[in-house]
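What follows is a set of notes on a single structure, which appears directly below.
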Amino acid sequence: MSKDQILNGIRVLDFGRYIAGPFCGALLSDFGAEVIRIERVNGSEDRFVTPVTSSQEGSMFLQMNRNKKGMTLNPTKEKGKEIVKKLLKNTDVVIANLPEPTLRSMGLDYDSIKQINPKIILTSNTAFGTSGPYAERVGFDGVAQAMSGAMDMTGSPDLPSKAYAPYVDFCSASLAAFGTVLALMEREKSGEGQRVQTSLLATALTMTNGLLIEQDLLNVNRVASGNRAQTSGPSDTFKTKDGWILVQTVGQPLFERWCNLIQEPELINDERFKDDLERGNNGEFISKKMADWCKNKTTKEVISLLDKARIPVGEILKAKDTLKNEHIKARNLFVDMDYPFLEETSPIVMTPVEMSKNPGKISFRAPTLGEHTNIILKELGYEKEEIESLREERII
């Protein structure tokens with residue numbers, strides 16, 4: 001890590017798993033924080049999701065844990081708890097997306113850790129928050145999508161659909177990183193740490209809030225309409241001669257440009273399409289017009305014409321084509337990272353926040369299992385023989 005990075009000097013213990021915790025740690029590490037990923041002795045479960053390496057590390061693990069040191073530890077045993085206490089004394093932030101009872105059993109609840117280090121910040125993410133009737137329930141990204149109204153409005157009325165990408169997890173992690181930086185700024189003023197909390201459900205509700213406000217005030221009872229938008233048009237997916245595209249036309253200027261593009265300017269003054277809401281109400285008609293316009297043109301032709309008219313459009317790419325996309329390659333949005341158990345490099349997407357000064361960067365790969373355990377324990381004052389004993393006892 002470069003010494004001039006914004007978060008240089010900040011130490012983070014990452015007890016997270018899967019995405020909501022680990023990606024928060026990844027974002028902090030991109031900007032210079034020293035992040036130590038703490039795993040189970042045999043490796044935490046998220047290390048092995050969607051395996052891509054010969055040692056079974058998963059693709060998600062390689063992304064979530066770039067720039068981190070790796071340590072194995074059993075914090076439920078007494079000697080493990082002693083190691084945690086020593087680590088906490090010189091730690092700024094603890095990340096844990098674990099249920100509250102689990103935090104307490106590990107001695108990582110805020111009341112416990114602030115006794116050891118009053119300046120420490122606990123950043124935690126739960127499924128439903130730490131109060132209310134669902135506080136003790138567990139959940140993943142899809143559960144929050146389901147309960148927020150998002151799934152009901154995705155897909156078709158007969159088949160509510162979850163987004164393939166776990167956007168609730170990633171957004172919760174991003175909000176957690178934002179909250180952590182705010183807590184660090186507050187600590188500069190007060191000298192005190194605090195607890196930062198996010199929850200999957202609160203994140204998901206943030207994204208469907210517009211839908212929920214409309215429902216509460218107008219009782220519209222919307223139903224899913226596939227990829228066709230309900231409050232603008234044409235906003236839908238369309239088949240071309242050789243592929244698929246997505247078009248999003250929102251607002252009067254864009255609609256007028258679209259009408260002129262398909263050579264039907266009379267639609268501009270048609271009362272059925274007088275504003276976005278009416279265009280959404282009559283979206284099937286508009287989508288049919290657009291589908292007819294697209295069907296005899298290639299994807300390249302359609303995108304060129306829409307782009308010239310300044311109408312937002314994107315080709316619907318398969319994963320293999322996304323990796324080869326000219327714009328993505330030209331902007332160097334992927335960092336090719338080596339890993340000991342891969343014959344080839346893996347494409348890790350760059351940190352998504354761009355800054356003109358002190359930018360974030362991906363400096364090194366995700367750790368192998370327990371890769372830095374010995375180094376970290378030596379820094380805590382443990383001798384070689386003690387470390388070997390801890391390993392024999394399955395503490396590390």
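The values are calculated or read from the model by the stated rules, or taken from the named source; none is laboratory data. Just so it is clear, the model here is predicted, and its values are computed rather than measured. All Cβ positions, even for glycine, are placed from backbone atoms using ideal geometry, and neighbour counts span all protein chains on display.
Please go through the range 118-133 and give me each residue that is in contact (Cβ under 8 Å) with a residue 24 or more places away in the chain, in a loop (DSSP other than H, G, I, E, B) and over 23 Å from ALA163 (Cα atoms), ordered by number. The answer is PRO118, LYS119, ILE120, THR130. Residue check: is GLY107 on the phi > 0 side of the Ramachandran plot, modelled with pLDDT under 95 and touching a helix residue (DSSP H, G or I) at 6+ places or on another chain (Cβ under 6 Å)? Judged against the criteria, GLY107 is a match. Of all the residues in the range 256-283, those that are surrounded by 13 or more Cβ atoms within 10 Å (Cβ to Cβ), among the acidic types (Asp, Glu) and assigned to a helix (DSSP H, G or I) number 3. Among the residues of the range 105-124, those identified as surrounded by fewer than 15 Cβ atoms within 10 Å (Cβ to Cβ) and either in contact with a Phe, Trp or Tyr (Cβ under 6 Å, 6 or more places away or on another chain) or within 18 Å of GLN194 (Cβ to Cβ) (or both) are ASP111, GLN115, PRO118, LYS119. You will find that of ASP276, ASP270, the residue that is over 19 Å from LYS308 (Cα atoms), in contact (Cβ under 8 Å) with a residue 40 or more places away in the chain and in the same structural domain as ARG310 (by TED's automatic domain parsing) is ASP276 and no other. Taken together, the residues in the range 1-31 that are modelled with pLDDT under 95 and hydrophobic (A, V, I, L, M, F, W, C) amount to 1.
If I ask for residues that are over 19 Å from TYR134 (Cβ atoms), among the small types (Gly, Ala, Ser) and either without any contact (Cβ under 8 Å) to a residue 60 or more places away in the chain or crowded, with 18+ Cβ neighbours inside 10 Å (or both), which ones from the range 189-215 would you list? Matches in the range 189-215: SER190, GLY193, GLY210. Please go through the range 135-146 and give me each residue that is in contact (Cβ under 8 Å) with a residue 24 or more places away in the chain and over 20 Å from ASP14 (Cα atoms), ordered by number. Of everything in the range 135-146, those that are in contact (Cβ under 8 Å) with a residue 24 or more places away in the chain and over 20 Å from ASP14 (Cα atoms) turn out to be ALA135, GLU136, GLY142, VAL143, ALA144, GLN145.
The residue of the range 134-163 that is nearest to the chain's Cα centre (by Cα), among those that are assigned to a loop (DSSP other than H, G, I, E, B) and among the small types (Gly, Ala, Ser), is ALA163.
Restricting the range 229-249 to residues that are assigned to a loop (DSSP other than H, G, I, E, B) and of a type in the set (S, T, N, Q) leaves a set whose member that is surrounded by the most Cβ atoms within 10 Å (Cβ to Cβ) is THR249. A single member of GLU78, GLU100, GLU34 is acidic (Asp, Glu), more than 19 Å from ASN125 (Cα to Cα) and at pLDDT below 95, and it is GLU78. In the range 157-188, what residues are surrounded by 14 or more Cβ atoms within 10 Å (Cβ to Cβ) and of a type in the set (Ser, Thr, Tyr)? Within the range 157-188, SER161, TYR167, SER172, SER174, THR180 meet the criteria.
Counting only helices (runs of 4 or more DSSP H) that sit wholly inside the range 1-117, those with at least 2 residues that are more than 18 Å from ALA177 (Cβ to Cβ), in the same structural domain as ALA173 (by TED's automatic domain parsing) and touching a residue at least 24 places away in the same chain (Cβ under 8 Å) are 59-64, 78-89, 100-105, 110-116.
Report yes if some residue within the range 340-361 is more than 30 Å from ASN42 (Cβ to Cβ), without any contact (Cβ under 8 Å) to a residue 12 or more places away in the chain, within 20 Å of the chain's Cα centre (by Cα) and outside the structural domain of LEU175 (by TED's automatic domain parsing); otherwise report no. Among the residues of the range 340-361, not one is more than 30 Å from ASN42 (Cβ to Cβ), without any contact (Cβ under 8 Å) to a residue 12 or more places away in the chain, within 20 Å of the chain's Cα centre (by Cα) and outside the structural domain of LEU175 (by TED's automatic domain parsing), which makes the answer no.
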